[in-house]
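Okay, structure first, notes after.
Just so it is clear, none of the values below were taken in a lab; they were calculated from the coordinates. This is a predicted model, so every value here is computed, not measured. Glycine also receives a Cβ, built like all others from the backbone with ideal geometry; neighbour counts cover every protein chain displayed.
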């Protein structure tokens, strides 16, 4: 089991496990250690009734999680680096999906990239009015989402909306997210969001656990049956000049000049 990291706070109280991304100085950008700890907790979740629900949120009042910490991409130099990264993210998202108890994403502020993927993998998403949800990679990094990640988003939002969101690099606000069913509730502010998340966790945590577990797994299997090989697509993006250009431009706060190579 991975060790606890201060960048992911963990608190179990009254049967509710609260997980809080805790890098507010970086808008809770996710390190590999944070990803791995989240996956370990979800994969090893107790089914003895000591944990009835999980609530995931972000610290600092500005973001749920603003994607992967991009400085980690500077070490990428081979096809395997790209494939290993996307495989690693896929394993994390699958661990969240397979978590045997209900998972609730309580979203306040920016929820982008890897943070948006984690929220999409949760069972229920609720948000404050300050939501900004999306994957602005066509404007920033020039990488791509793995096919499994896109399938999960398509299940939630529909292929047309996913395509338009990524092609335009725009972020969805709370009103639109509620209208299209991406989130189930919009709360006024962060305090009311977290209060409601606790109430909701208690409520779903009181339901028949085997019913919830079977429903989660059946839905996951339905989508898993259509998995495709996307290694060539991942390599074409992550090993491109454009990816290196986009990463360095983002980190230096400049605008990338895309070449298509």
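Expressed to the nearest 5 percent, the antiparallel share of DSSP beta bridges inside the chain is 25 percent. Assign one of three labels to the range 4-82, namely rounded, prolate or oblate, based on the Cα gyration tensor with a ≥ b ≥ c the square roots of its eigenvalues; rounded applies when a/c is under 1.5, prolate when it is not and a/b is larger than b/c, and oblate otherwise. Oblate shape, in that a/c is at least 1.5 and b/c is the bigger or equal ratio.
P(r) for the chain: what percent of alpha-carbon pairs falls in each 5 Å bin, starting at zero? Percent of pairs per bin, in order: 1, 6, 13, 18, 20, 18, 13, 7, 3, 1, 0. Remark: relative contact order (the chain) = 19 percent; criterion is Cα-Cα distance under 8 angstrom and separation of 6 or more residues.
Between the range 153-168 and the range 68-113, the C-alpha centres lie 19 angstrom from each other. Each of 213, 152 was scored by other Cβ atoms within 10 Å of its Cβ. Arranged with the fewest first, they read 213, 152. Considering only 214, 63, 147, the Gaussian network model of the chain with Cα springs below 10 Å gives its largest mean-square fluctuation to 214. Taken over the C-alpha atoms, the range 40-191 has Rg and Dmax values of 15.5, 46 angstrom. Under a GNM of the chain (C-alpha, springs under 10 Å), which listed residue has the highest mean-square fluctuation: 207, 194, 247? The residue that fluctuates most here is 207. For the chain, what does the helix formula give at 222 nm: sum of -39500 (n - 2.57) over DSSP H segments with n ≥ 4, over the residue count, nearest 500 deg cm²/dmol? Roughly -14000 deg cm²/dmol at 222 nm, from the helical runs in the chain.
Under a Gaussian network description of the chain, with springs only between Cα atoms under 10 Å, the residue in 198, 140, 47 that fluctuates furthest is 47. Run through the DSSP bridge list for the range 97-205 and note the antiparallel percent, rounded to the nearest 5. DSSP beta bridges in the range 97-205 are roughly 10 percent antiparallel.
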